[in-house]
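The values are calculated or read from the model by the stated rules, or taken from the named source; none is laboratory data. Keep in mind the model is a prediction, meaning the values are calculated, not measured. Note that each Cβ is placed from the backbone with ideal geometry, even for glycine, and that neighbours are counted across all protein chains shown. For the accessible areas, the whole protein counts, side chains as well, though only heavy atoms, and no ligand, DNA or RNA atoms are used. Shrake-Rupley method; radii C 1.70, N 1.55, O 1.52, S 1.80 Å.
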Amino acid sequence: MMIIVIMLVFLLLALLLIFFLKQLWTRRHLPPGPLALPFVGTFLSVGLWLREDYFTKPAKRYGNIYSLFYGQQLMVVLSGFKAVKEGMTNFPGEFSDRAMSPFLNDLGKGGGIIFSNGNNWKQQRHIGVTSLRKLGLGKKSIEHQIEDVAQTLVGIFRQTKGQPFDPSLSVLNAVSNVICALSFGHQFSEEDEDFQKLVHALKIIFKFFGDSFHAVYDLFPQLMKYLPGPHKKALASLDIILEFAKQEIEKHKESHCLHEPQDFIDYYLLQMEKVGFIVVVLTQSRNDPDTTYSEENLAQCIFDFFGAGTETTFGSLMWALLLLTNHPDIQEKVQKEIEDVFGCSGSISYQDKKKLPYTNAVIHEMQRFKFVLLYGVPRQSTKDVEMRGYHIPKGAFIIPDLRSVLLDPEQWETPEKFNPDHFLDKDGKFIDREEFLPFGMGLRACVGQQLARIETFIFLTSLLRAFSFRLPEGVKVLNEEPVAKMSMHSHPYKLCAIPTQD
């Protein structure tokens with residue numbers, strides 16, 4: 001019996017040795033990285049739980065281009081500004097596909113903008129970019145609607161009468177209402193039951209992305225479909241949001257206002273009508289195989305707007321309020337600049353950022369110093385690529401580590417410090433920096449980055465004209481350590497909004 005056990009142990013060791021040697025041989029041309037084990041990949045080496053240095057720590061050992069394995073899926077991480085720029089600039093087409101993990105595939109079903117590829121992605125991105133650009137024009141532009149939402153938020157903060165409060169729910173409602181205005185053409189009251197269901201569904205999905213169940217789902221998708229867990233709740237929340245969007249689409253179809261489009265749904269339905277008319281004229285048929293415009297894709301695009309536009313902007317604003325409260329000297333300089341240029345009344349538009357170089361620098365530095373995402377959204381290589389002497393095979397996931405770009409010690413004077421001077425020249429004028437990439441770069445750069453820039457600027461200037469943000473009595477400093485998940489949010493906190501006009 002003992003001999004059999006010893007033989008089995010030796011056999012197992014021999015199999016492990018063969019596996020190890022085979023892995024070294026087959027992966028000898030890949031970027032370096034930790035040893036990948038069957039089924040679990042490199043999890044044992046880099047850890048299952050996300051943390052702030054999850055992707056930056058391996059870069060220190062293996063270099064600015066390295067390999068990880070998510071189960072059996074190869075992930076090539078580009079770390080630091082030079083590697084990310086090289087990858088996104090030299091291989092724009094090769095690295096343009098969205099990497100689809102099992103959960104993302106179930107979440108997006110290949111539709112919309114974020115989770116699609118090929119012709120579907122090109123057409124959905126086109127209507128998204130075009131609509132956002134058109135909605136930025138005119139008296140009823142999205143900027144004016146953002147101003148309305150910002151003033152509503154100011155009113156809610158004013159109700160706290162300078163007492164300590166948690167701003168998170170009010171900020172989340174405000175940011176969500178901006179996406180409602182963009183998508184549906186109108187806002188919802190905070191008390192609206194359907195609106196609260198929408199916001200709650202978004203929170204459930206965001207929470208799942210940082211849950212360990214997310215990794216388990218992607219490793220064992222077929223098994224997880226039959227097991228209970230938070231993944232079921234997340235997918236059910238997706239259905240709630242899509243149903244919400246479809247109800248709004250039906251209302252728009254009944255209103256017949258496409259001759260004067262007021263929101264994204266109007267522009268999308270108008271595009272569907274135009275495509276249908278052209279197809280009828282040219283082919284006498286509406287069954288155009290190259291057209292991907294549909295109500296299903298429209299609903300998925302709206303989900304994309306909520307998913308991408310709410311989570312990141314909400315996180316950025318929460319970090320901004322925290323940093324302004326922890327750095328009263330910087331806050332006061334921003335308020336003084338705003339008052340010197342605009343006084344205490346009158347509106348401030350996004351174009352006015354040119355008149356407020358220090359304010360603009362502070363906003364950029366907040367987004368750099370406390371980047372909301374742990375890493376850039378993964379892409380997938382459409383063909384074999386050679387980069388820096390390494391072989392990146394077709395199908396590999398490409399992770400542009402944007403966090404490492406924004407904290408790159410080779411690019412920023414004090415990367416680990418909140419320092420608005422990163423965006424100011426010696427004369428105090430604002431400077432754009434190539435290394436500032438919170439919205440990504442290349443063909444897959446964030447569609448809504450201009451909306452996010454406008455939103456952040458309008459919200460913060462409106463709030464800083466109305467209040468000074470202070471620490472609650474007895475609190476020395478707010479915690480600046482992030483909660484490490486896919487989205488790097490701040491820990492819950494309270495602050496005091498002291499009216500400036502009292």
- Note on the structure: Of the residues in segment 402-429, those that are part of a helix (DSSP H, G or I) and of a type in the set (Gly, Ala, Ser) come to Ser404
- Restricting segment 373-401 to residues that are open to solvent by less than 10 Å² (accessible area, probe 1.4 Å) and not in a strand (DSSP E or B), which is farthest from Leu30 (Cα to Cα)? Leu374
- Task: Please name all residue pairs, on different chains or six or more residues apart, with Cβ atoms under 6 Å, provided the first residue is in segment 61-78 and is closer than 14 Å to Val40 by Cβ and in a strand (DSSP E or B) and the second residue is small (Gly, Ala, Ser) and at pLDDT below 90.
- Result: Phe69/Ala36; Phe69/Gly41; Tyr70/Gly41
- Task: Pairs only if they're at least six apart or on different chains, beta carbon under 9 angstrom, first in segment 120-135 and closer than 11 Å to Gly448 by Cα and assigned to a helix (DSSP H, G or I), second open to solvent by 50 Å² or more (accessible area, probe 1.4 Å) and not aliphatic (A, V, I, L, M); list them, first residue then second.
- Result: Leu132/Gln450; Arg133/Gln450
- Criterion (crowded, with 18+ Cβ neighbours inside 10 Å, among the small types (Gly, Ala, Ser) and part of a helix (DSSP H, G or I)) met by exactly one of Ala181, Ala236: Ala181
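Residue-wise test of (1) touching a residue at least 24 places away in the same chain (Cβ under 8 Å); (2) surrounded by fewer than 19 Cβ atoms within 10 Å (Cβ to Cβ); (3) outside any helix (DSSP H, G or I); (4) not hydrophobic (A, V, I, L, M, F, W, C).
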position: Gly307; (1), (2), (3), (4): yes, no, no, yes
position: Leu322; (1), (2), (3), (4): yes, no, no, no
position: Asp329; (1), (2), (3), (4): no, yes, no, yes
position: Cys344; (1), (2), (3), (4): yes, yes, yes, no
- The correct count of residues that are open to solvent by 50 Å² or more (accessible area, probe 1.4 Å), touching a helix residue (DSSP H, G or I) at 6+ places or on another chain (Cβ under 9 Å) and among the basic types (Lys, Arg) in segment 423-478 is 4
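Per-residue answers, yes or no, for (1) open to solvent by less than 30 Å² (accessible area, probe 1.4 Å); (2) touching a Cys at 6+ places or on another chain (Cβ under 7 Å); (3) β-branched (Val, Ile, Thr); (4) within 30 Å of Gln222 (Cα to Cα):
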{"site": "Asn105", "(1), (2), (3), (4)": "no, no, no, yes"}
{"site": "Ile113", "(1), (2), (3), (4)": "yes, yes, yes, yes"}
{"site": "Gly118", "(1), (2), (3), (4)": "no, no, no, yes"}
{"site": "Trp121", "(1), (2), (3), (4)": "yes, no, no, yes"}
{"site": "Val129", "(1), (2), (3), (4)": "no, no, yes, no"}
{"site": "Leu132", "(1), (2), (3), (4)": "no, no, no, no"}
{"site": "Leu135", "(1), (2), (3), (4)": "yes, no, no, no"}
{"site": "Ile142", "(1), (2), (3), (4)": "yes, no, yes, no"}
- Can you spot a residue in segment 38-46 that is of a type in the set (Phe, Trp, Tyr) and part of a strand (DSSP E or B)? no
- Task: Considering each residue of segment 79-119, count those that are of a type outside the set (Gly, Ala, Ser) and part of a helix (DSSP H, G or I), and give that number.
- Result: 15
- For the subset of segment 346-363 comprising residues that are at pLDDT 95 or above and open to solvent by less than 20 Å² (accessible area, probe 1.4 Å), which member is nearest to the chain's Cα centre (by Cα)? Ile363
- Of His252, His231, His186, His259, which residue is assigned to a loop (DSSP other than H, G, I, E, B) and either surrounded by 17 or more Cβ atoms within 10 Å (Cβ to Cβ) or in contact with a Leu (Cβ under 9 Å, 6 or more places away or on another chain) (or both)? His259
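Go through segment 189-210 and report how many residues are in a helix (DSSP H, G or I) and touching a strand residue (DSSP E or B) at 6+ places or on another chain (Cβ under 8 Å).
The total comes to 2.
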